[in-house]
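A short write-up of the structure that comes next.
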Amino acid sequence: MEWLSDNERFSAIEENLKYINSDISEAAIKSGRNPSNVRLMAVTKTVESRFINYALSCGVNLIGENKVQELLLKEPELNLNGCEAHLIGHLQSNKVKKIVGHVHTIQSVDSVSIAKEIGKRSTESGIITKVLLEVNAGSEDSKFGFSGEELFERACEISEINGISIDGLMCVAPICEKEAEIRSIFSNMHRMFIDIGAKKLDNISMNVLSMGMSGDYKYAILEGANLVRVGSAIFGARIYR
Ligand SMILES: *Cc1c(COP(=O)(O)O)cnc(C)c1O
């Protein structure tokens with residue numbers, strides 16, 4: 001959408017949101033759920049603040065950024081009243097201090113050590129930060145996250161840390177050619193989400209199952225996602241500068 005005027009981009013964003021919201025409702029109903037129980041996150045990495053603000057004015061109430069620096073830079077320019085911001089990208093321990101208190105949830109907790117650092121900095125600030133545990137659902141070498149095998153044990157360790165509370169799971173699924181393949185990955189995530197939730201452990205609530213992006217959010221919802229993270233389908237292809 002780079003070659004379009006701002007006004008043309010605003011209309012495209014509005015149209016895309018309408019289309020995606022109706023898709024989400026349809027998939028939610030198909031999966032036997034109320035559409036209002038599936039949240040749309042607008043993923044705003046590389047998107048300029050005026051376009052994000054436009055999406056917010058169209059009713060977006062949840063945004064996700066990948067990088068601490070980018071989030072902090074845009075934050076003062078955004079009309080975030082009534083909107084939650086989440087961090088969804090890999091977090092380095094030296095950035096934790098900067099981000100704690102600026103986001104509602106950190107979705108990308110992928111190690112016990114980063115969880116400890118978030119807990120420490122949150123305690124210092126007198127807050128509790130909600131976190132999701134990132135799962136490497138496709139067992140890819142290139143991806144962050146806990147393996148399915150270690151997830152439960154790590155969740156128990158992390159639940160002991162003061163200053164954080166575990167609110168669910170997230171994954172970045174592999175790019176799959178076949179519908180059956182991607183759906184089995186999402187369905188496996190859903191099973192872990194249900195299993196861990198059923199144990200009713202202290203400080204672990206399986207409220208949020210964050211999975212599905214522009215290319216696969218419908219399948220993710222059909223398999224139980226209640227938060228989908230959509231970037232390019234709303235804002236157009238990303239341009240990295
Ligand atoms: C970029 C990104 C998304 C959104 O990707 P699209 O394919 O543009 O929808 C979702 N989740 C994470 C973690 C991302 O980094």
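The values are calculated or read from the model by the stated rules, or taken from the named source; none is laboratory data. The structure displayed is predicted, hence computed values, not measured ones. Positions of Cβ are backbone-derived with ideal geometry, glycine not excepted, and every protein chain shown enters the neighbour counts. Remember, those area values only see protein heavy atoms, side chains included, never the ligands or the DNA or RNA. Shrake-Rupley method; radii C 1.70, N 1.55, O 1.52, S 1.80 Å.
Assorted remarks:
- Flag if residue 43 is under 25 Å from residue 183 (Cα atoms) and not polar (S, T, N, Q): yes
- Residue list for the stretch 128-143, restricted to those being out of contact with any helix residue (DSSP H, G or I) (no Cβ under 9 Å at 6 or more places or on another chain), more than 16 Å from the ligand (Cβ to nearest atom) and open to solvent by less than 70 Å² (accessible area, probe 1.4 Å): none
- Cβ-Cβ distances below 6 Å connect no pair with a first residue in the stretch 110-127 that is closer than 21 Å to residue 171 by Cα, a second residue that is modelled with pLDDT under 95 and crowded, with 16+ Cβ neighbours inside 10 Å, and a separation of six or more residues or different chains.
- Among the numbered conditions (1) at pLDDT below 95; (2) more than 16 Å from the ligand (Cβ to nearest atom), the only one that residue 176 does not meet is (2).
- Enumeration of residues in the stretch 104-122 that are buried (at least 23 other Cβ atoms within 10 Å of the Cβ) and either assigned to a loop (DSSP other than H, G, I, E, B) or at pLDDT below 95 (or both): none
- Enumeration of residues in the stretch 59-91 that are touching a residue at least 24 places away in the same chain (Cβ under 8 Å), open to solvent by 70 Å² or more (accessible area, probe 1.4 Å) and in a loop (DSSP other than H, G, I, E, B): 79, 90
- For the stretch 195-213, the criterion of being within 13 Å of the ligand (Cβ to nearest atom), open to solvent by 30 Å² or more (accessible area, probe 1.4 Å) and touching a strand residue (DSSP E or B) at 6+ places or on another chain (Cβ under 7 Å) is met by at least one residue.
- Residues of the stretch 216-241 that turn out to be within 14 Å of the ligand (Cβ to nearest atom) and exposed (fewer than 15 other Cβ atoms within 10 Å of the Cβ), as a count: 4
- Residue within the stretch 67-77 that is at pLDDT 95 or above, touching a helix residue (DSSP H, G or I) at 6+ places or on another chain (Cβ under 6 Å) and more than 16 Å from residue 51 (Cα to Cα) present: yes
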